[in-house]
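**Q** Dropping a structure here in structure tokens format, bear with me for questions.
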Amino acid sequence: GRPPKMDVDGALMPRALSRAPSSDVLRLIPYGEEDELPSLTPASMVATFRHMEQRKLDRRLRGVVTTSDGWAFQAVVLLTVLAWCVGIVRLEVPHSDAEAVLRFSIQVGAGVVGVVLLILAFTYVLLRLARVMRWVMYWAACVALLMTYESIRKDVSVLLEPDQLATELRAVFWRWGLALLVSLEVVTVVAWLVYHRLVPYLLVHASDDHLIRLYNLRLSPPHESGDAGVAFRYSPPWWPLLARVLGGPKYHSFYYAGQVLNQCPHGYGEWRDDASRGECLRGYWHQGQPLAPFTSREHRSGYSLAAVHVISVTARAEPFTQTWLRPRRQTGAALTFVVTAVECSVSGSFFVGYPRSNVLYATAASAGGRGDAVGDLNIPGASVGAKTGVAALAEDVEQARPGPPHAAQAVEEDDAADTCAAGAHGASSPPHRDGDALAAARNRNEMRTCLRMLRHHEDGMAGHSSIPSLSRHPSSTTCVPPEVLLYIHGFNCSAEEGCGRLGQLLALGRFPPHIKPLQFSWPTGKILTYPAALEYCRSAELGRDLCACLRAIREAGVRDVHVLVHSMGAAAFVAHLDTIATEVEPHRGGTWRTAEEDRPGTHSQGQESLPRLRLVTVTLANPELFEDDFWPHTFPRLCSVCPHISIYGDRDDGALFWSEKANRGRLSLGKLHHVPYALPAPPPERLRERLSDSQASGLVVAAHHRAMQHAGTTHLTSAEPTWADVDIIDLTWLDTNVHPLRHNAFNLNRMMVDDIRDIIVHRVRARERRSRLIRRCGNEFSFLQPPSHIVND
């Protein structure tokens, strides 16, 4: 057979599968064309075992997100007990024939200030340690109980004498309580450091032979591994002793079944670990490590994770993980393309630190390279991305699953043309300005590479055909043309945070594979530079970058685009509708047909002959737009390019409340001041004479809605005006997974996630989503969801 395709580092990249295999089909199989069954040994699996143990310890160290830690209450209690023990606070219960009165006094004398400072310092250190090691606080409580028992063991009446009890407690504390407490705390701290610091250090730096001996890693007997894969036994150094004390098994075991290359997981496979924090992970592997997309579940707890691919296109000068104070664009005309694997919690308790982004591929536009300029972006994990060889991965996926005719043609010709153009300009030529042919060609080729990488995504989560790697007779399928979900984040957001929010939406919504997530990231600034960010989002510089991003999507062969904007990202999008008009097809009524129905037979690759993009849906989530400008000017232009517009707003949005204050009281569209919105009716002649043309055309009819609300009815009559062709969803009563500012719940609230999915995937209007929405009046809808505090008695 033909030799397998190799990447630039000489490593064979996972080839795409047409469908995720079921458990009864998945077996231990070779990755390449050879039919010889691979054999796995502890020496070949130790690298994978090392990585999975690191993931396990990282989750245990970070813990899960809780509703409230209660540290303030614990600090007050601990501080009060310590103050009572040293005599600062005194409680007296006098005995007399009259009614007993509880006396509370605070004594402040010489040296009390120093004692108070020492108590505060001790409390701070103890609570800081307790945030990481809860047993520190538990030991303090246990020692306090033992001290109290020792004080009242001889005379129970001491409980009625607070002064005498405090004296006894101080004596016991200095006699043996302090030594016992310090000993327990030291043992706890040492145990924690060993488990959370020493063990991860050994996992990273120990040699393979030492790690195998340390964990006693070996093959399981054949009858335990079965015929589906191979199983291994292991035992951490401290586990046999705990197993004898707790009565559990002396060994843990892990199992792998799937594709194998060079005696390690490579391709599609499944991993199972029966330890308490072990993972049941199913998805793609690359040289022994899991590579998105995959799904994972903890063995005992059942907490689930999912990893998806997200493309990030940006021209911002900041590193991928940072947001600078003032918005600033990078030098050079071309854009920066980054492909990340975003891992998110999706079920059960959510882990701290997720969503987490791992960069797989990145290029710096100023360097003029492809995939070799990752270090210039100052991206964590860049070394991993540099070894991934995603260009070869894209070529493998392209061969395994050919895309639409207009999406994959002439890539080699374009690369050759770009090489010639680069040679003509010279290797040391200065950065080109916007609109330069070399920058446009570079953007186009990078977009194609990223989109071909994301075709790998559809193989891991869903599919509609047999498995070429497992079944030697693959069936042909109809390839669904790709559609891009373009997400534009809001104010004070780094590129990494934007990828995490989009990845969380995709992971919870389980979007189909033909929806390709793409984030357009722009320099947002921070809270102190809000005016500068507002000015930059409307600048011509940002408009050119957005137009270049859409042009790259168009020249990559994509036809349909769904736009999802949040907060100030809505202003960054609608402010440049005129700029992107050259890349977007005007809408002339009706609804867009699906890309599969409108799929052309052939397309030449010239820019002039390529069809323009169709904005299928535009979704504004908590938009930071202003009503006096949106309805008379922006809304008509938006309707001219998109037939399906949705607005999610919240009357209690705290971020938009301060935005209105900062913009001199201009009413924000996201706060839904005057819903439902109706098309403006021609004003009377007297009023028309007093108003300018823009004011007359921008009149919004809302008085009828207010009257109907006061009357307690939402019945529409024929006398009402024509409602604007927009779906407005009110989020005011949603209180699940909503931040106190009530500004960014679109990727966590289950109702919103499902609703956005219906908009993008099924292209249904609000009036058709009856299982989730109820019409309030006109074009205003709200969710069918009771408040979170309503329960059955």
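**Q** Could you order 770, 197, 501, 300 so the one with the most accessible surface comes first? Probe is 1.4 Å.
**A** Values: 770 185, 197 120, 501 65, 300 155 Å².
Solvent-accessible surface, decreasing: 770, 300, 197, 501.
**Q** If you bin every alpha carbon distance in the stretch 266-322 into 5 Å steps from zero, what whole percent lands in each bin?
**A** Going from the shortest bin to the longest, the percentages are 5, 17, 20, 17, 13, 10, 10, 6, 2, 0.
**Q** Can you classify the stretch 313-355 as rounded, prolate or oblate using the Cα gyration tensor, where a ≥ b ≥ c are the square roots of its eigenvalues, rounded means a/c under 1.5, and otherwise it's prolate if a/b beats b/c and oblate if not?
**A** Numbers: a/c = 5.27, a/b = 2.21, b/c = 2.38.
Oblate, because a/c is 1.5 or more while a/b does not exceed b/c.
**Q** Also, quick follow-up: Mind listing the long-range amide H neighbours of residue 347? Cut-off is under 5 Å, sequence gap 5 or more, other chains count too, H placed in the peptide plane at 1.01 Å from N.
**A** For residue 347, whose amide H was placed from the backbone, the distant partners under 5 Å are 304.
**Q** Can I ask one more? What order do 535, 780 take when sorted by accessible area (1.4 Å probe), most exposed first?
**A** Ranked list, largest accessible area first: 535, 780.
**Q** Among 152, 527, what's the order by accessible area (1.4 angstrom probe), most exposed first?
**A** Numbers: 152 35, 527 125 Å².
Heavy-atom accessible area, descending, gives 527, 152.
**Q** Shape call for the stretch 525-583 from the C-alpha gyration tensor, a ≥ b ≥ c root eigenvalues: rounded (a/c under 1.5), prolate (a/b greater than b/c) or oblate? Each step should come with its number before you reach the end.
**A** Values: a/c = 2.61, a/b = 2.04, b/c = 1.28.
Judged from the Cα gyration tensor, the stretch 525-583 comes out prolate (a/c at least 1.5, a/b above b/c).
**Q** Across 5 Å bins from 0, what is the distribution of all Cα-Cα pair distances for the stretch 630-669, in whole percents?
**A** 6, 19, 22, 19, 17, 13, 4
**Q** Hey, what D do you get for the stretch 728-793 in µm²/s if you plug the Kirkwood alpha-carbon radius into Stokes-Einstein at 37 °C and 0.692 mPa s? It would help to have the intermediate numbers written out before the result.
**A** Working: Rh = 12.7 Å.
Approximately 258 µm²/s, per Stokes-Einstein.
The values are calculated or read from the model by the stated rules, or taken from the named source; none is laboratory data. Since the model is a prediction, treat every value here as computed from it, not as a measurement. Heavy atoms of the whole protein, side chains included, go into the accessibility calculation; ligands, DNA and RNA do not. Shrake-Rupley method; radii C 1.70, N 1.55, O 1.52, S 1.80 Å.
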